[in-house]
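These notes are about the structure you will find just below.
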Amino acid sequence: MSIANTLLGLLESGPRHGYDLKRAYDERFSAERPLHYGQVYSTLQRLLRNGLVSEAGVEAGDGPERKRYAITDAGITDIEKWLASPESPSSYLQNTLYTKVVLALLSGRGAAELLDTQRAAHLAKMRELTKRKTGGDLADALICDHALFHLEADLRWLELTAARLDELTERVRI
Amino acid sequence: MTGATETVLEAVELHKSFGETTALHGASVTVRAGEVLAVLGPSGSGKSTLLHCMAGILLPDAGTVSYRGIDLAALAGHRRSALRRDEFGFVFQFGQLVPELSCVENVALPLRLAGQRRKAAERIAREWLARLDVDTVAGKRPGEVSGGQGQRVAVARAMVTRPKVVFADEPTGALDSLNSERVLELLVAAARDTNAAVVLVTHETRVAAFSDRDITVRDGKVRQTEFSR
Ligand SMILES: Nc1ncnc2c1ncn2[C@@H]1O[C@H](COP(=O)(O)OP(=O)(O)OP(=O)(O)O)[C@@H](O)[C@H]1O
Ligand SMILES: [Mg+2]
């Protein structure tokens, strides 16, 4: 995901300090892997150079966290363009899970056990997310839903693969 | 959760055939008090047959089902029906509400069948409708409410007798994601509040994620996956 575009998007609701911005980003988009402040700072510098944000006042004291940043008109145009363009649909063909299944079949190890183990782990994670969702706020629920649907898609593929296992074993080895 | 390890329902080595078709082939399941147990498995694997046997709707050809130590097959038919009515609740995918009765009458029905007076039964029924957020449809007939509302009414009807085990066979199979989630949340919350166990048959893992534990049925047998919380 583009950190620059995300920070720009967060600035649309009003000017913020770099540290504020980092907190808002972590809270909404990346609770599990927070941004380093250095990343925020260097991204803001780049946006500044490109005229997409401007400095909007400095508080007394020193250090970068005293500066407030505001989105510029060019910045708003930029974010509009980004939001309006589709993401390239990724078919996840490089998925490790897929690789493991094919390798297990190729090597004659069989994939049944691998699939069962993976299914159990997926379902456990889905339970955790489902529980977290009840009682969480809307933004957090959206994050959980997104993860849940992706995990479900993996599992559907696993189920289908499990159902086709015999046929697959034949074919992969040829 | 206290009493979570107490077994309420136990199916041992069930076999069931329909003519040439073997639906269950030595299936065993244990249901603990108050737990939500998901029953997963591909279409035709025997999930519904298993649920019907566990609930005493069908009798297995071999094997036993016991509810709190009582062998269901040893009970006379009318005793088994009474036990189903008093101790079990049911939610299916469709068609469980009586079309000629209003929603509140539908929810009150199990209490009426158990001998309660109309007024008392309908008062309790209204409480359950409110708890499931569908008190507004109390006076409507099932044909006049949406699918999601209908399933909530069905959950209210399943819960109204405060059953010890709720059997749910694809209860959200015909609903969109948001309604499905809402119905499951309400069902699970109601079951937790009343310490009812839920046997939740589904082929959707997002639905199974509401459970405490899951089992998978394949070719009429149960595979314990036992990935509990
Ligand atoms: N009343 C019946 N008469 C004849 N065959 C039946 C009957 N009920 C079930 N079967 C057969 O028994 C097998 C198991 O059916 P069951 O309905 O238990 O599967 P299921 O796992 O619930 O499938 P689904 O996910 O499609 O609902 C199937 O082959 C089915 O055709
Ligand atoms: Mg079925």
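The values are calculated or read from the model by the stated rules, or taken from the named source; none is laboratory data. Values in this document were obtained by computation on a predicted structure and should not be read as measured data. Neighbour counts run over all protein chains shown; Cβ positions are idealised from the backbone, glycine included. Accessible surface areas use protein heavy atoms only, side chains included; no ligands, DNA or RNA. Shrake-Rupley method; radii C 1.70, N 1.55, O 1.52, S 1.80 Å.
A few notes on this one:
- Failed item, numbered, when B:Arg162 is tested on (1) crowded, with 18+ Cβ neighbours inside 10 Å; (2) of a type in the set (D, E, K, R); (3) closer than 27 Å to B:Thr30 by Cα; (4) away from ligand 1 (no atom under 16 Å from the Cβ): (1)
- When the test is whether a residue is within 24 Å of B:Glu204 (Cβ to Cβ), in a helix (DSSP H, G or I) and within 14 Å of chain B (Cβ to nearest Cβ), A:Asp166 does not pass it.
- Helices (runs of 4 or more DSSP H) fully within the stretch A:66-133 counting 2 or more residues that are within 14 Å of chain B (Cβ to nearest Cβ) and closer than 30 Å to A:Gly9 by Cα: A:112-133
- Residues that are of a type in the set (D, E, K, R) and not in a helix (DSSP H, G or I), drawn from the stretch A:134-161: A:Asp137
So that you can scan it fast, the table gives a plain yes or no per residue for (1) farther than 16 Å from B:Phe167 by Cβ; (2) buried (at least 21 other Cβ atoms within 10 Å of the Cβ); (3) in contact with a His (Cβ under 8 Å, 6 or more places away or on another chain):
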| site | (1), (2), (3) |
| --- | --- |
| B:Ala11 | no, yes, no |
| B:Phe18 | yes, no, no |
| B:Gly41 | no, yes, yes |
| B:Ala82 | yes, no, no |
| B:Gly89 | no, yes, no |
| B:Phe92 | no, no, no |
| B:Pro99 | yes, no, no |
| B:Ser102 | yes, no, no |
| B:Asn106 | yes, yes, no |
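- Cβ pairs under 7 Å, 6+ apart, first in the stretch B:163-180 and away from every other protein chain (no Cβ under 14 Å) and within 16 Å of ligand 2 (Cβ to nearest atom), second polar (S, T, N, Q) and open to solvent by less than 10 Å² (accessible area, probe 1.4 Å): B:Glu170/B:Thr202
- Hits in the stretch B:54-68 (condition: out of contact with any Lys or Arg (no Cβ under 6 Å at 6 or more places or on another chain), within 20 Å of B:Val166 (Cβ to Cβ) and of a type outside the set (Val, Ile, Thr)): B:Met54, B:Ala55, B:Leu58, B:Ser66, B:Tyr67, B:Arg68
- When B:Arg192 is tested against (1) within 16 Å of ligand 1 (Cβ to nearest atom); (2) within 17 Å of the chain's Cα centre (by Cα); (3) surrounded by fewer than 21 Cβ atoms within 10 Å (Cβ to Cβ), exactly one condition is not met: (1).
For (1) more than 16 Å from ligand 2 (Cβ to nearest atom); (2) at pLDDT 95 or above, each residue gets a yes or a no:
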| position | (1), (2) |
| --- | --- |
| B:Ala27 | no, yes |
| B:Val31 | yes, yes |
| B:Gly41 | no, no |
| B:Ser48 | no, yes |
| B:Cys53 | no, yes |
| B:Gly63 | yes, yes |
| B:Gly95 | no, no |
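- Enumeration of residues in the stretch A:49-87 that are of a type in the set (A, V, I, L, M, F, W, C), modelled with pLDDT under 90 and within 13 Å of A:Leu21 (Cβ to Cβ): A:Ala56
- Any hit, the stretch B:188-211, residues being away from chain A (no Cβ under 14 Å) and on the phi > 0 side of the Ramachandran plot: yes
- Of all residues in the stretch B:21-53 being free of Cβ contacts under 8 Å to residues at least 24 places away in the same chain and more than 14 Å from chain A (Cβ to nearest Cβ), the one that is farthest from ligand 1 (Cβ to nearest atom): B:Thr30
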